[in-house]
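Asks: Below: one structure in structure tokens.
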Amino acid sequence: MNTSPKAPLLEVRDLVVNFYTRGGVVQASRGVSFQVDYGQTLGIVGESGSGKSVAVQAVMGLIFNPGRIEGGDIFFKGRSLLDPAGKKRVRQVRGKEIAMIFQDPMTSLNPVFTIGTQITEVLRHHLGMTKDQAKKRAMDLLDMVDINAPEKRLKQYPHEMSGGMRQRVMIAMALACEPQLIIADEPTTALDVTIQAQILELLTDLQQRLNVSVILITHDLGVVAQLCHRVAVMYAGRIVEVGDADPVFAAPVHPYTRGLIRATPRLDAVTDRMVSIDGVPPDLISPPKGCAFFPRCDQAGKACSRMQALIALGDDRHVSCWCAAKEVTR
Amino acid sequence: MTGQTLEGRSDQPLVDVRNLSVLFDAGRAGFWGRKRLTVHAVENVSFDIRPGETLGLVGESGSGKSTTGRAILGRVPVSQGHIYFQGKEITHAGKNRVRELSRDMQLVFQDPYASLNPRMKIIDIVAEPLRVHGMVKNTKAAAKEVARLLELVGLPPDAGARYPHAFSGGQRQRVGIARALALKPRFIVADEPVSALDVSIRAQVVNLMQDLQAQFGLSYLFIAHDLAVVRHISHRIAIMYAGNIVELAERHLIYDSPVHPYTRALLSAVPVPDPPVQRARQRITCPGEPPNPLNPPSGCRFQSRCPYVTGTCREKAPELARRRPGQMAACWNC
């Protein structure tokens with residue numbers, strides 16, 4: 001087992017997740033590999049149905065029937081999270097060393113318990129704190145996420161708070177056990193733009209201050225640009241391009257990445273016509289044999305109907321595209 | 001023909017909204033329910049929309065942008081103010097009049113999943129307004145007209161025979177647009193038509209709407225919750241906050257020289273998809289949250305979040321006033 005200090009904090013290797021639905025087997029994750037280093041923020045971007053949430057749900061053990069993990073492995077600090085022999089250890093890791101922030105703070109907080117009860121539950125369960133210790137820590141945590149009058153807030157129920165405030169509480173709960181990895185699944189999608197800006201600012205600040213690793217799932221390239229060191233672009237259950245954020249945005253190689261960046265409306269550029277990508281993503285019950293983007297790609301050639309693995313472009317950048325491969329050899 | 005400024009055009013406005021207020025009764029509170037609760041959804045809002053023009057109406061949840069759109073269409077009762085369509089007052093139009101008006105004014109909904117009846121075939125969904133208004137004599141004529149409409153919005157001819165579940169979000173939104181176009185309206189309220197769609201699909205629908213506008217001279221009230229998409233489709237943009245319009249200007253003025261502090265915060269809040277640029281951008285975060293619409297503050301509604309707030313802001317609400325040609329803002333200090 002690889003436990004050298006050079007091992008990444010989290011490594012997902014060839015992850016295959018299938019969902020057995022009445023309509024057929026949905027291949028949500030078709031061999032996804034990525035890694036997150038200590039103190040690094042990885043953005044996973046993709047559109048609905050690209051499999052970006054499924055990949056991290058597998059990390060958190062949130063794949064339930066009819067979903068099944070049918071291939072690959074996930075390593076946290078060099079040890080497998082999928083190993084059936086280590087179930088107890090894994091349960092300690094999830095929620096403590098890896099924490100998750102969900103999209104909708106309305107439904108992920110329990111409406112019948114106060115905020116205080118919900119935060120202290122985490123602390124008492126994972127860290128074995130006493131009631132008083134936990135309360136004190138909970139107040140510190142609320143303070144950390146810039147919630148005023150924490151003592152009063154602890155006694156409130158989720159419905160007494162606004163969406164932005166609830167998301168702050170979710171972040172406080174995620175920070176409770178001082179995790180080394182935070183997974184944020186579309187943390188700002190349900191919020192208004194000015195509130196989104198506040199939460200992004202808070203996440204940026206906390207990430208730097210606590211030097212925690214973050215996986216940020218989003219469909220918004222702007223959010224990635226603000227927060228992430230690395231970015232992985234997903235399409236139809238696979239990662240099509242991954243690399244450091246700056247070069248990927250500056251010079252995207254995969255046609256889908258390029259299309260996505262061009263299709264994202266920008267406030268700092270005047271155009272009368274939005275750029276679209278024609279067509280629709282493929283059906284994951286019967287995904288195409290070759291490159292999944294092939295039918296929508298303007299550069300597609302004959303080779304594209306065959307499968308394509310990730311090609312290394314140097315600087316830790318990988319892309320899954322024949323055209324890119326041609327450019328490299330040239 | 002999008003993007004040009006329409007400043008200086010003298011046509012009579014197609015839609016003219018004067019001092020519109022919409023208040024909702026929200027029940028009673030207090031001892032024996034003596035206190036009436038009123039939601040101040042829209043207050044004292046004025047704007048016009050010219051023929052062939054797109055007015056972008058931008059605001060966050062609860063700002064009253066959808067209510068404004070629905071008030072124009074006669075779908076929520078107006079509390080105060082006047083609405084004119086082609087010069088005629090339609091403020092308190094009765095049921096029959098609203099039905100008559102719906103030939104000229106249509107609505108495209110946000111959620112393409114909830115706005116199409118899952119048990120109706122596409123052909124029946126699109127033909128329904130034609131039947132209701134007696135625009136087609138028989139099924140055959142209806143089918144012919146629906147086929148024309150489906151082609152217009154870029155759907156395959158066999159789409160009519162299928163049910164909504166067979167279509168993706170973007171295609172469903174095209175069906176919604178085809179339905180809105182069926183009666184050949186002059187004015188369409190598009191209530192966040194692309195917010196529920198993926199980025200690559202969003203542009204397809206916005207471009208389609210622009211093409212249709214150029215083809216038929218449609219006017220749009222395009223409602224959105226941020227300033228990114230409206231930039232591409234709007235001629236002018238109105239910014240709403242807590243029931244008021246805080247700024248109304250030609251498109252380029254909103255982006256190049258915004259006046260109101262809220263407009264500036266909104267612009268700053270949308271991250272630019274370019275890491276070095278986004279990191280270098282000066283970000284204006286406005287702290288706090290919008291006021292409670294049940295009990296809005298006296299004076300300016302933005303006072304609790306505004307970095308430039310003064311005593312005047314707390315006492316008196318600023319009126320929307322001209323700042324430069326083509327730009328109006330409601331603020332005491334800018």
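Asks: With +1 assigned to the C-beta of every Lys and Arg and -1 to the C-beta of every Asp and Glu, and no other charges, what is the dipole magnitude of segment A:174-268 about the Cα centre in debye, to the nearest 20?
Replies: Computed about the Cα centre, the dipole is about 340 debye.
Asks: Looking at the calculated P(r) for segment A:1-65, what percent of the C-alpha pair distances fall above 20 Å?
Replies: 35
Asks: Sticking with this structure for a sec: Across peptide A:243-250, what mean number of C-beta atoms from other chains lies inside 10 Å of a residue's C-beta?
Replies: Average per residue, whole number: 3.
Asks: Let me ask you something else. Calculate the FRET efficiency for A:Ile285 and B:Arg119 from the Cβ-Cβ distance with a Förster distance of 25 Å, rounded to the nearest 0.05.
Replies: 0.60
Asks: Between A:Met161, A:Met274, A:Met129, which gets the highest mean-square fluctuation from a Gaussian network model of chain A, Cα cutoff 10 Å?
Replies: A:Met274
Asks: Looking at the square roots a ≥ b ≥ c of the eigenvalues of the Cα gyration tensor of segment A:220-330, which shape do they give, rounded for a/c under 1.5, prolate if a/b is larger than b/c, or oblate? Don't skip to the end; give the middle numbers.
Replies: On the way: a/c = 1.66, a/b = 1.24, b/c = 1.34.
Judged from the Cα gyration tensor, segment A:220-330 comes out oblate (a/c at least 1.5, b/c at or above a/b).
Asks: Based on the alpha-carbon gyration tensor of the protein assembly as shown and its eigenvalue square roots a ≥ b ≥ c, which shape applies: rounded if a/c is under 1.5, prolate if not and a/b is larger than b/c, or oblate?
Replies: Details: a/c = 1.78, a/b = 1.26, b/c = 1.41.
It comes out oblate by the Cα gyration axes.
Asks: Something else about it: Where in chain B are the helices, taken as whole DSSP H runs, whose Cα atoms extend 15 angstrom or more along the long axis and whose Kyte-Doolittle mean reaches at least 1.0?
Replies: Details: long enough: B:122-132 (16 Å, 1.31); B:139-152 (19 Å, 0.20); B:169-181 (18 Å, -0.43); B:199-216 (26 Å, 0.37).
Span-like helices in chain B: B:122-132.
Asks: If you take each beta carbon of peptide A:276-287 and count the beta carbons of other chains within 10 angstrom, what is the mean?
Replies: 3
Asks: In peptide B:286-295, what is the residue-averaged number of other protein chain Cβ atoms found within 10 Å of each Cβ? List each step's numbers first, then the result.
Replies: Numbers: counts 4, 3, 5, 8, 4, 0, 0, 0, 0, 0.
Partner-chain Cβ atoms within 10 Å, mean over residues of B:286-295: 2.
Asks: Given a 10 angstrom Cα cut-off, can you work out which residue in B:Gln12, B:Gln210, B:Gln171 is the most mobile in a GNM of chain B?
Replies: B:Gln12
Asks: Quick one: among B:Gly30, B:Gly74, B:Gly87, which has the greatest mean-square fluctuation in a GNM of chain B with alpha-carbon springs under 10 angstrom?
Replies: The residue that fluctuates most here is B:Gly30.
Asks: So, by mean Cβ neighbours within 10 angstrom, what's the order for B:133-142, B:280-289, A:208-217, A:51-60 with the highest one leading? Mind showing how you got there, number by number?
Replies: Working: B:133-142: 12.3, B:280-289: 14.2, A:208-217: 19.5, A:51-60: 23.0.
Per-residue Cβ counts within 10 Å, averaged per peptide and sorted highest first, yield A:51-60, A:208-217, B:280-289, B:133-142.
Asks: Something else: In the protein assembly as shown, what percentage of the DSSP-assigned beta bridges are antiparallel, given to the nearest 5? Present the calculation step by step, with values, prior to reporting the outcome.
Replies: On the way: 60 of 97 bridges.
Taking every DSSP beta bridge with both residues in the protein assembly as shown, the antiparallel ones total about 60 percent.
Asks: So, one more: Report the gain in length on full extension from B:Ser298 to B:Ala141: 0.36 nm times residue separation, minus Cα-Cα distance, nm rounded to one decimal.
Replies: 50.8 nm
Only the coordinates and a few stated rules stand behind these numbers; no lab work does. These numbers were taken from a predicted model, which means no experiment stands behind them. Positions of Cβ are backbone-derived with ideal geometry, glycine not excepted, and every protein chain shown enters the neighbour counts.
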